[in-house]
Amino acid sequence: MNFESGEIYTLKLVSGEEITCKIFNRFADSIEVTQPISMVLGPQGLQMMPSLFSANQDRNVHINTATIVMQAETREDVKAKYIEATTGIATPPAKQIITG
């Protein structure tokens, strides 16, 4: 699996859980990630919640790569929400030109 440090990825785990996380480091059999967020489908659509409720959010987490079924680059809108949820920094929406 190819992961770039500092990039945000969406991962599907063997448990069926989908998480979004920022890659910190890559090892032979694991990846070290920052603030993994679980993606859940709720009444208002896609929602984010911490993957580990009782963990220190300032510490990185290791994920065994054998538990990853799929990996993908995260959609830009989800990436912006992830950054906002983990840093408090909101990304302004892209400007659009309306023609008609």
From the residues in the stretch 25-46 that are closer than 19 Å to Glu84 by Cβ and β-branched (Val, Ile, Thr), which one is least open to solvent (accessible area, probe 1.4 Å)? Val33
Return the residue satisfying two criteria in turn: it lies in the stretch 11-24 and is in contact (Cβ under 8 Å) with a residue 24 or more places away in the chain and either farther than 18 Å from Thr87 by Cα or in a loop (DSSP other than H, G, I, E, B) (or both), and of such residues it is nearest to the chain's Cα centre (by Cα). Leu11
Can you give me the number of residues within the stretch 1-15 that are open to solvent by less than 40 Å² (accessible area, probe 1.4 Å) and under 18 Å from Pro50 (Cα atoms)? 5
Those strands (runs of 3 or more DSSP E) lying entirely in the stretch 32-87 with at least 3 residues free of Cβ contacts under 8 Å to residues at least 60 places away in the same chain: 45-50, 61-64
Candidate set from the stretch 54-91 (those that are modelled with pLDDT under 90 and open to solvent by 100 Å² or more (accessible area, probe 1.4 Å)); member that is farthest from Phe3 (Cα to Cα): Ile89
Checking the condition touching a helix residue (DSSP H, G or I) at 6+ places or on another chain (Cβ under 9 Å), closer than 19 Å to Glu17 by Cβ and not β-branched (Val, Ile, Thr), which residue from Gln71, Gln35, Gln47 passes? Gln35
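The values are calculated or read from the model by the stated rules, or taken from the named source; none is laboratory data. From a predicted model like this one, the values you see are computed outputs, not experimental measurements. A quick note on method: Cβ atoms are made from the backbone with ideal geometry, for glycine too, and the neighbour counts reach across all protein chains shown. Side chains included, ligands, DNA and RNA excluded: accessible areas come from the protein's heavy atoms. Shrake-Rupley method; radii C 1.70, N 1.55, O 1.52, S 1.80 Å.
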